[in-house]
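Okay, so here's the structure we're looking at.
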Amino acid sequence: MTSKTVEPSAEAFYEIITGIRRHLHRYPELSNEEYETTKYITALLEQAGVTTLDYGLKTGVVAEIGGLQEGPVIALRADIDALPIQEETGLPYASQHPGKMHACGHDFHTAALIGAAYQLKEREKELKGTVRLLFQPAEEKAKGAQQLIASGVLKDVRAVIGMHNKPDLPVGTIGITSGPLMAAADGFVVEIKGAGSHAAVPEAGVDPIVTASHVVTALQSIVSRNVSALHSAVISVTQLHSGNSWNIIPESAVLEGTIRTFNEQVHGEVLERFSQVATGVAAALGAEAAVRWIEGPPPVVNDAALARLGEQTAEELGYTSVKPVPSPAGEDFAFYQRVVPGLFVFMGTAGSREWHHPSFNLDERALPVGAAFFSNLAVRYLEQFSSEGGAVT
């Protein structure tokens, strides 16, 4: 990272937010268990004079800066939960909680947003509106965003901004694009009911394993024959369970897996076709199939005007803005975008491992980049919204 990103005058700030990130990394907490993390974030914000708000949340923090001048509310969001992974980094600040680790960089997101809060607090008098800070629990369970929305945190909010660290982008580079960025992520369970029999006389029963095999093969035709070449989808069967003896054809089989799509219409069409194929193939072979969905987040689809504003902000700060390759991973930030316009970006962190790896780590020099981008984008949004009479175009 160039010296213009972390100036000598910013060394103290860098040390502060690095210390925050390392504390969070040392003491990770899983989804909806982020009690100490919530206390820690609340204490840091209140010590800085930032107002925290009570939305009745068990975990997670909502805070506000500004409101001294009339104007809109923009929300900035970071996720705070960790993963059930045993850390293997060997870092001096590695997880002190066995089997729990910030292997997806949510500690980075949280520390960067706290840094942005510090910067915004210093500029509070000039804010032409209000910045609402959302420190969201349970992203890894794809439940936290819906919990916050149900509590009312998006009331009066005109736009929401979020980010995810990106190990394959260098520090000082931010992936910004309009349209789809991350995929809808749904899980499925297909229960196939056949009729058991002795393995020596398969004609006396209906083999659910053979049926399941045909279902798996037929499901692959959905992507190749029902999804346009201009769109994309992934159907992966990741588990097949059936039987418990070498000489018995079992009664049933269970398939599990995931579907990823980037388009709401394609998402609906693929799920409908999936059910048709599974039940139809099973019926053709004399069995029955029941499909159960494990609903995940919808696709992350960025607002075009916010994306342009993000690119302008990155350029003004001296960072590099690139068009990122969309990720088939899911993100529950998408639930916010169903309510208000949103922008989700990839923050370059020059990591050596991808998300969810036990040796995951990142370059902490990206922390002030994230903080500056968050805070300056919020300021620019409020200024532009005010100057353009209630719209960002």
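Taking Cα pairs under 8 Å and at least six residues apart, what relative contact order does the stretch 102-241 come out at, in percent?
This gives 13 percent for the stretch 102-241.
Sorted by packing (mean other beta-carbon atoms within 10 Å per residue), highest first, where do 106-113, 48-55, 297-304 land?
Ranked by mean Cβ neighbours within 10 Å, highest first: 106-113, 297-304, 48-55.
Of the listed values [x] 60, 55, 37; [y] 74, 53, 45; [z] 81, 48, 41, identify the label whose number matches Cα extents along the principal axes in Å calculated from this model.
The value matching this structure is [z].
Take each complete run of DSSP H in the chain, measure how far its Cα atoms stretch along the helix's own axis, and keep only those covering 27 Å or more with mean Kyte-Doolittle hydropathy at least 0.0; list them.
What comes out of the filter, once short or polar helices are dropped, is 264-284, 367-387.
Quick one: which residues, 5 or more positions from Val171 or on another chain, have an amide H under 5 Å from its amide H? H modelled 1.01 Å from N in the peptide plane, none for Pro or chain starts.
So Val171 has HN proximity to Ala350.
Run lengths n ≥ 4 of DSSP H only: what is the helix-derived mean residue ellipticity at 222 nm for the chain, with -39500 (n - 2.57) per run over all residues, to the nearest 500?
-11000 deg cm²/dmol
Go through Asp363, Asp186 and list them by solvent-accessible area, largest first, probe radius 1.4 Å.
So the residues, ranked largest to smallest area, are Asp363, Asp186.
Please report the carbon-and-sulfur percent of the accessible area for the stretch 142-209; probe 1.4 Å, protein heavy atoms only, DNA, RNA and ligands left out.
Carbon and sulfur together cover 54 percent of it.
Of the residues Glu288, Glu29, Glu64, which exhibits the maximal mean-square fluctuation in a Gaussian network model of the chain defined by a 10 Å Cα contact cut-off?
Looking only at Glu288, Glu29, Glu64, the biggest GNM fluctuation is shown by Glu288.
Could you pull out every residue, at least 5 positions away or on a different chain, whose amide H is within less than 5 Å of the one on Gly129? Hs are placed 1.01 Å off N in the peptide plane, and Pro or chain starts have none.
Close amide H contacts, sequence-distant or interchain: Gly67, Leu68, Gln69.
Calculate one ³J(HN,Hα) per residue across the stretch 196-202 by plugging θ = phi - 60° into the Karplus curve 6.51 cos²θ - 1.76 cosθ + 1.60, and present them in order as whole Hz with x for glycine and proline.
Couplings: x, 6, 5, 5, 7, 10, x Hz.
Hey, in the GNM for the chain with a 10 angstrom Cα cutoff, which one of Ala142, Ala305, Ala378 fluctuates hardest?
Of the options given, Ala305 has the highest mean-square fluctuation.
Could you tell me the distance between the Cα centroids of the stretch 56-82 and the stretch 275-336, to the nearest Å?
24
With 23 Å as the limit, write out which pairs from Lys39/Lys125; Lys143/Lys323; Lys166/Lys323; Lys128/Lys155 have Cα-Cα distances beyond it, or answer none.
With Cα atoms farther than 23 Å apart: Lys39/Lys125; Lys143/Lys323.
Mind listing the long-range amide H neighbours of Asn302? Cut-off is under 5 Å, sequence gap 5 or more, other chains count too, H placed in the peptide plane at 1.01 Å from N.
Gly179, Leu181
Run the dipole for the stretch 254-336 about the Cα centre, Lys and Arg Cβ at +1, Asp and Glu Cβ at -1, nothing else charged, and hand back the magnitude in debye, nearest 20.
Computed charge dipole of the stretch 254-336: roughly 240 debye.
Counting only heavy atoms of protein chains, what accessible area per residue, in Å², does the chain have with a probe of 1.4 Å?
Result: 43 Å² of accessible area for each residue.
The values are calculated or read from the model by the stated rules, or taken from the named source; none is laboratory data. On a predicted model such as this, the values are computed, not experimentally measured, just so you know. Note that each Cβ is placed from the backbone with ideal geometry, even for glycine, and that neighbours are counted across all protein chains shown. Note: accessible area is taken over every heavy atom of the protein model, side chains too, but ligands, DNA and RNA are not part of it. Shrake-Rupley method; radii C 1.70, N 1.55, O 1.52, S 1.80 Å.
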